[in-house]
Amino acid sequence: MTDQKFLILVVGPTAVGKTDLCLKLAKKFKTEIISCDSRQFYKELNLGTAKPSPEELAQVPHHLIDSLSIEEEYDVRKFEQDALRILAKLFRTRNVVIMTGGSGLFADAVVKGLDEIPDVNPEVREEIIREFESRGLEWLQAEVEKSDPEFYSQADRFNPQRLMRALEVYRGTGLKFSSFRVRKKVERSFKTIKVGLNRDREELYRRIDLRMDEMIGRGLFDEADALFGKRSLNALQTVGYTEIFGYREGKYDREEAIRLLKRNSRRYAKRQLTWFRRDPEIQWFHPDQENEIFAWISSQMA
């Protein structure tokens, strides 16, 4: 068995077709899949996070899907540790492992390592929390966009914890949160082969809208209803749930909730692409280009 180990990282926007390709890659290389989709870690979140189906999960062993409860505290640093531990175990008997997801920060943590972001006086965070609770998400979004437009252009704007962290660092250090994310990447014991999937915008947006209709038909509103009492948890501050919570709170009707679900999912896809396009190491393909993808991966292993 060769000493060289390969991590095939498959990234791209929501609904682009990552799951199908990764199942084929895992079967081709007789290996397993690690999820770096931060929304799919939580066992209570199913329809709204577009997890692989039970049938798909049964085809190939998957790691870190349904690994947490929404009640648990979890962050990208813990994910980095968990993913590297799983990789070390899998690489004992395999030369290739697949990792996939749409969470760019989590993928980068495994491939490049995390930047050392300084601790900030807790009073700064407490003040931001108080302001957020009194002034709301739109105020928080505006503050982060003003203080760090680069981070804001790539961030999950419906995740107040992530936004508050960026604002906390800015207020506590006087430096932009994005400025701490530029250090030289760490050296890993494996080589990463990065595959990006994308489609024409109209085609992608059509798939996003269609998948949202399918999620709703399968019971997305019921799933969100069951979680309504826990809607303040960080894990639930995400597209696919916040829109339905707003409907249940009487802010708008069901038709508007569905419009927002689709619009915000399209915006989420756009932010994902903005993040991944910064990385020149990603080789981009249409998901239908399977032969080209397999050939390019083989060339990188030669």
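The values are calculated or read from the model by the stated rules, or taken from the named source; none is laboratory data. Treat the numbers as computed from the prediction; the structure is a model and nothing was measured. Because the Cβ atoms are built from the backbone with ideal geometry, glycine has one as well, and the counts that use them run over all protein chains shown.
Quick notes on this one:
- Residues in region 79-102 that are touching a residue at least 24 places away in the same chain (Cβ under 8 Å), part of a loop (DSSP other than H, G, I, E, B) and surrounded by fewer than 19 Cβ atoms within 10 Å (Cβ to Cβ): F91, R94, N95.
- Any hit, region 155-171, residues being more than 21 Å from the chain's Cα centre (by Cα) and among the charged types (D, E, K, R): yes
- Listed conditions (1) over 14 Å from the mean Cα position of the chain (by Cα); (2) assigned to a loop (DSSP other than H, G, I, E, B) are all met by L57, apart from (2).
- Answer residue from region 60-78, given it is outside any loop (DSSP other than H, G, I, E, B) and modelled with pLDDT of 95 or more and is surrounded by the most Cβ atoms within 10 Å (Cβ to Cβ) among those: H62
- Hey, Y268 under 22 Å from G104 (Cα atoms) and part of a helix (DSSP H, G or I) or not: yes
- Residue match in region 277-284 (condition: touching a helix residue (DSSP H, G or I) at 6+ places or on another chain (Cβ under 7 Å), in contact (Cβ under 8 Å) with a residue 60 or more places away in the chain and in the same structural domain as T14 (by TED's automatic domain parsing)): yes
- In region 86-114, the residues that are under 16 Å from K18 (Cβ atoms) and not aliphatic (A, V, I, L, M): T100, G101, G102, S103, G104, F106
- Extreme residue, nearest to P160 (Cα to Cα), among residues of region 111-124 that are within 24 Å of the chain's Cα centre (by Cα) and surrounded by 12 or more Cβ atoms within 10 Å (Cβ to Cβ): I117
- No other residue among D37, D108 is closer than 23 Å to Y268 by Cα, assigned to a loop (DSSP other than H, G, I, E, B) and charged (D, E, K, R) apart from D37.
- Members of region 271-302 found to be of a type in the set (G, A, S) and either surrounded by 15 or more Cβ atoms within 10 Å (Cβ to Cβ) or assigned to a helix (DSSP H, G or I) (or both), listed by number: A295, S298, S299
- Residues within region 195-210 that are touching a helix residue (DSSP H, G or I) at 6+ places or on another chain (Cβ under 8 Å) and among the charged types (D, E, K, R), tallied: 2
- Scope region 1-34; condition in a helix (DSSP H, G or I) and β-branched (V, I, T); matching residues: T19
- Inter-residue pairs, beta-carbon under 7 Å, first farther than 20 Å from D279 by Cα and in region 195-206, second of a type outside the set (S, T, Y), 6+ apart: L204/P13; L204/A15; L204/V16; L204/A269; Y205/R266
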